[in-house]
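Enquirer: Have a look at this one before I ask anything.
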Amino acid sequence: GALSTMRDCLACGGSGVAARGNHWTEEVEQGECLKCGGSGGVEWIAETRRAESESRVVTKVADMLGWTSRWPSIDGPEFASLTPHQRAELAKATKGAIGALCGSPGAGKTWSVAALVKSLITAKGRNSVAICCPTGKAAQRAKEAMRSHGIDIVATTIHRMLGVEKAGDGDASWSFKHGEWNPLPFDYVIGDEWSMCGLGLMSSVLAAMARGTNFLMVGDINQLLPVEFGAPLRDIIGTIPSGELREIHRNSGSIVRACAAIRDGKEAMFDQRIDIGRADPSGEPLPPKNLVHVNAGKEDACRKVVELVRELAADKNRFPGFDPIRDIQVLVAVNKRSSVSRQTLSPML
């Protein structure tokens with residue numbers, strides 16, 4: 001019982017047998033599936049608990065596709081600040097009771113969701129909507145983003161929203177207060193950074209959806225995949241109503257544009273030097289130059305890192321009010337056993 005199998009022929013559902021009409025008698029007969037030659041297709045093997053999580057997700061999503069969409073009209077005044085592209089893609093994502101809004105960094109996912117949440121609170125009240133995230137860090141960022149848009153709503157982790165009763169080994173073995181027999185009290189649930197949500201956790205979230213609840217998944221399938229098994233957001237696109245934001249708006253400079261270029265299979269362009277305090281002649285801020293590639297070998301990499309930190313700390317014109325202790329984070333690939341490890345570089349810094 002530890003393993004489950006499945007054959008993947010869509011024509012016969014994996015059985016190897018399919019119905020076909022007899023041209024002579026005009027009767028429908030059962031016979032060998034012509035698509036797979038009676039084999040049922042390729043056999044797939046999975047751990048049973050994971051296969052059951054996948055099956056529960058598929059069953060609930062199929063059910064939710066038949067529910068009524070209760071999302072507000074995108075023509076409302078709360079959406080006036082969105083671009084035509086953002087309104088069009090948000091309208092696609094909210095066409096059904098379950099949907100997805102995707103896009104790369106800087107495309108306006110948070111901006112669009114903030115407009116949607118404002119509209120929901122205006123029409124239904126703050127207690128009608130919940131924002132949840134797979135991690136505490138993502139929940140904190142979502143909370144801060146909503147507050148920056150004047151929205152006083154507390155984003156939580158998925159686990160906190162569901163109410164943990166028992167922790168287990170892997171998300172599929174956790175138990176929660178809210179589930180099929182005790183659904184969540186919200187009319188709308190928005191899941192942010194949903195590319196990090198695995199199948200086990202996704203199964204628990206969907207099980208806790210009361211009939212009629214509208215659910216919007218927000219994320220970027222080209223960013224972090226779940227640590228847990230499965231990638232439901234990536235795999236569900238095309239099956240549910242989905243919108244994708246592709247126009248870059250955020251004034252985050254070279255990094256965001258490099259992300260979009262890599263996503264589209266184009267060359268990422270680097271800056272000659274870091275300059276995060278740029279402005280035009282009138283004083284209006286310009287997108288920062290914040291992506292520099294410094295060539296270095298293992299013999300001089302540490303030295304170059306230290307030199308760069310010194311340069312950033314000393315240049316008060318480009319970086320006014322800059323604190324090298326609080327405002328610089330150095331990342332390395334390994335803890336030790338390398339000429340560019342944490343144990344080697346930290347004492348130098």
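Residues are listed down the side, and each one gets a yes or a no for (1) acidic (Asp, Glu); (2) in a loop (DSSP other than H, G, I, E, B); (3) touching a Lys or Arg at 6+ places or on another chain (Cβ under 8 Å):
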| residue | (1), (2), (3) |
| --- | --- |
| 190 | no, no, no |
| 195 | no, no, yes |
| 203 | no, no, yes |
| 211 | no, yes, no |
| 217 | no, no, no |
| 222 | no, yes, yes |
| 227 | no, yes, no |
| 230 | no, yes, yes |
| 233 | no, no, no |
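Enquirer: Only one of (1) open to solvent by less than 50 Å² (accessible area, probe 1.4 Å); (2) under 30 Å from residue 94 (Cβ atoms) fails for residue 227. Which number is that?
Expert: Exception for residue 227: condition (1).
Enquirer: Confirm whether residue 78 is at pLDDT below 95, open to solvent by 20 Å² or more (accessible area, probe 1.4 Å) and within 27 Å of residue 224 (Cβ to Cβ).
Expert: Against the criterion (at pLDDT below 95, open to solvent by 20 Å² or more (accessible area, probe 1.4 Å) and within 27 Å of residue 224 (Cβ to Cβ)), residue 78 does not qualify.
Enquirer: Could you go through segment 101-118 and let me know if any residue there is farther than 23 Å from residue 201 by Cα, hydrophobic (A, V, I, L, M, F, W, C), at pLDDT below 90 and open to solvent by less than 20 Å² (accessible area, probe 1.4 Å). Let's see the steps before the verdict.
Expert: Initial filter on segment 101-118 (farther than 23 Å from residue 201 by Cα): 104-108, 111-112, 114-118.
In the following step, the residues that additionally are hydrophobic (A, V, I, L, M, F, W, C) were identified as 107, 111, 114-117.
Next, only the ones that are at pLDDT below 90 stay: 107.
Then keep just the ones that are open to solvent by less than 20 Å² (accessible area, probe 1.4 Å); that gives 107.
Checking segment 101-118: at least one residue is farther than 23 Å from residue 201 by Cα, hydrophobic (A, V, I, L, M, F, W, C), at pLDDT below 90 and open to solvent by less than 20 Å² (accessible area, probe 1.4 Å).
Enquirer: Quick one: which residue in 309, 294 is within 30 Å of residue 262 (Cα to Cα), out of contact with any Gly (no Cβ under 7 Å at 6 or more places or on another chain) and part of a loop (DSSP other than H, G, I, E, B)?
Expert: Criteria check complete, one pass: 294.
Enquirer: If a residue has to be open to solvent by 60 Å² or more (accessible area, probe 1.4 Å), in contact (Cβ under 8 Å) with a residue 12 or more places away in the chain and closer than 26 Å to residue 232 by Cβ to count, how many in segment 16-65 make the cut?
Expert: 11
Enquirer: Please go through segment 92-140 and give me each residue that is of a type in the set (A, V, I, L, M, F, W, C), within 17 Å of residue 73 (Cα to Cα) and in contact (Cβ under 8 Å) with a residue 40 or more places away in the chain, ordered by number.
Expert: Selection gives 93, 97, 98, 100, 101, 111, 113, 116, 117, 120, 123, 129.
Enquirer: Would you confirm, using the coordinates I've provided, whether residue 252 is more than 15 Å from the chain's Cα centre (by Cα) and either open to solvent by less than 10 Å² (accessible area, probe 1.4 Å) or free of Cβ contacts under 8 Å to residues at least 60 places away in the same chain (or both)?
Expert: No; evaluated as a whole, the condition is false for this residue.
Enquirer: Please determine, by comparing only the residues of segment 151-170 that are in contact (Cβ under 8 Å) with a residue 24 or more places away in the chain and over 21 Å from residue 210 (Cβ atoms), which one is surrounded by the fewest Cβ atoms within 10 Å (Cβ to Cβ).
Expert: 152
The values are calculated or read from the model by the stated rules, or taken from the named source; none is laboratory data. Not measured: the values here are computed from a predicted model. All Cβ positions, even for glycine, are placed from backbone atoms using ideal geometry, and neighbour counts span all protein chains on display. SASA here: full protein model, heavy atoms, side chains in, ligands and nucleic acids out. Shrake-Rupley method; radii C 1.70, N 1.55, O 1.52, S 1.80 Å.
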